[in-house]
Amino acid sequence: MKILSFGEVMLRLTVPEHMLLEQSDTVRMSTVGTGVNLLGSLSHLGYQTKILTQVPDNSLGKKVAADLRKLGISDECVEYSGNHLGSFFVELGYGSRPERVIYQDRLTSSFCQAEPDEYDFEAMLEDVDYVHICGITLSLTNKTRTAALKLAEMAQRMRKTVCFDFNYRIGLNEDTSHSVMKERYEEILPYVDVAFGSIRDLTDLLDYPDIGAQHIFKHFMDDFDIEYFAGSNLGQKDSKKCFEGFIYHEGELYRSKPREVNVLDRIGGRDAFASGIITGLIEHWDYDSMLQFAVANAVMTQEAMNDVPIFDKNDIFDYIQCDGKNDLIGY
């Protein structure tokens, strides 16, 4: 089974030791992004993965490609152009202080400036089974939007399973009207088989009336002929942080039980959940098992440093079996 993801690769600069950015003179550098996080997880779960993207045609681009290979992600569809990679700083939260992300200019990155016709979509899709498209591509540039739409159309025509993550970012769309963003999402959704998002994506972005989750999900999936809709939430229960997920299919809504999480680094949790759901679909698991696996992967990811989940199936099954309470491995 091979999975292709289309999206931006970014440079994450993490401030060490839970310090604030202005307190530190050093940062830790890592290669991340929604597609990187998802594929890195899926490669560790035993599947072939490759990413379709553009990186700078310089030493930074070569470093990114090397990092992808180290994660088990093929760089055969990585193309080189320009000289800029989008980046962001991360201040890790602690106690009541939340984690904070500070973006640098990403709209001039190699990925955002690449022309859609630079990609040979048909050739890149030939040997894959699943295609994942990050919704952030709809919020970046006309070039990334056009490329995402062309890829979705061709993937559906070639009978690939198309996965789409809403990943709507208000901060990226302050100068774009609600109606324009709604139209962009409605344009790509008819080509989607598996959608990842939240009920707020449907009510606040697509303007579905808030008539209860089950009814909203049904209307949404009927309107766009989507087979699966899945999502997750990091919330609070009995003064403890808890992570939970859901999946909706053929009129049935399945929910996981909330699982306690001690957040070390929350970025990447939803990507870990999505990779767990895709794993369950590939393996034809029942929905309770699928959700249990996806939530466990997400919890473990948030209890480790950095965006990319690097747990294999045995790690996750061991975690589930001991209910997250095994404190000694490999004695």
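The values are calculated or read from the model by the stated rules, or taken from the named source; none is laboratory data. Being a predicted model, the structure only gives us computed values, none of them experimental. Quick reminder, even Gly has a Cβ in these numbers, built from the backbone with ideal geometry, and neighbours come from all protein chains shown. For the accessible areas, the whole protein counts, side chains as well, though only heavy atoms, and no ligand, DNA or RNA atoms are used. Shrake-Rupley method; radii C 1.70, N 1.55, O 1.52, S 1.80 Å.
Looking at the chain, send over the antiparallel percent of its DSSP beta bridges, to the nearest 5.
On the way: 25 of 54 bridges.
Around 45 percent antiparallel, to the nearest 5.
Within the straight-line cut-off of under 29 Å between alpha carbons, the lysines reachable from LYS240 are LYS257, LYS313, LYS325, sequence neighbours fewer than 8 places apart in one chain being disregarded.
Between ASP57 and SER96, full extension at 0.36 nm per residue minus the direct alpha carbon distance yields a gain of 9.9 nm.
Fully extended, how many nm does the chain gain between GLN321 and ASP204 (0.36 nm per residue separation, minus their Cα-Cα distance)? Residue separation times 0.36 nm, minus the Cα-Cα distance, leaves 38.3 nm.
Within the accessible area of the chain, the carbon and sulfur atoms contribute 46%, probe 1.4 Å, all protein chains present.
When each of the peptides 208-220, 64-76, 131-143 is scored by the mean number of other C-beta atoms lying within 10 Å of its residues, the order from highest to lowest reads 131-143, 64-76, 208-220. State the Kirkwood hydrodynamic radius of region 1-72 in Å, one decimal place, computed from all pairs of distinct Cα atoms. Roughly 13.3 Å, rounded to one decimal.
Over 25 Å between Cα atoms: which of LYS63/LYS182; LYS2/LYS150; LYS160/LYS218 fall into that group? Result: LYS63/LYS182 exceed 25 Å.
Please give me, ordered by residue number, the GluC sites (Glu not before Pro) of region 205-283 that lie in loop per DSSP and have at most 11 other Cβ atoms within 10 Å. Mind dumping the intermediate values first?
Working: sites: GLU227, GLU244, GLU250, GLU252, GLU260, GLU283; in loops: GLU227, GLU250.
Those that pass, being in a loop and sparsely packed, are GLU250.
Residues SER198, SER239, ordered by accessible area of protein heavy atoms at a 1.4 angstrom probe radius and largest first, appear as SER239, SER198. In this simple spin-label model, placing a label point 7 Å from the Cα along the Cα-to-Cβ direction at both SER289 and LEU253 gives a separation of 2.6 nm. Quote to one decimal, in nm, the extra length available between SER74 and THR108 on full extension: 0.36 nm per residue of separation minus the C-alpha distance between them. 9.8 nm is the gain from fully extending SER74 to THR108. Each residue, GLN236 and ALA66, gets one label point 7 Å from its Cα in the Cβ direction; the gap between the two is 4.5 nm. Taking a straight line from the alpha carbon of LYS62, these lysines sit under 18 Å away, with near neighbours fewer than eight places off in the same chain left out: LYS50, LYS70. Sorted on the mean count of surrounding Cβ atoms within 10 Å across their residues, most packed first, peptides 286-295, 169-178, 41-50, 85-94 read 41-50, 286-295, 85-94, 169-178.
List residues of region 69-106, by number, whose backbone nitrogen lies under 13 Å from a label position 7 Å along Cα→C-beta of HIS18. Output list for this probe position: 92-99. The order of the peptides 106-112, 152-158 by mean Cβ neighbours within 10 Å, most packed first, is 106-112, 152-158. With all protein chains kept in place, the per residue accessible area of the chain amounts to 47 square angstrom at a probe of 1.4 angstrom. For the chain, the relative contact order works out to 15 percent when only alpha carbon pairs closer than 8 Å and six or more residues apart are counted.
If R0 is 35 Å, what FRET efficiency do you get for ASN142 and MET1 from their C-beta distance, rounded to 0.05? Could the numbers behind the result be given before it?
Details: r = 33 Å, r/R0 = 0.95.
The pair ASN142/MET1 has a calculated efficiency of 0.60.
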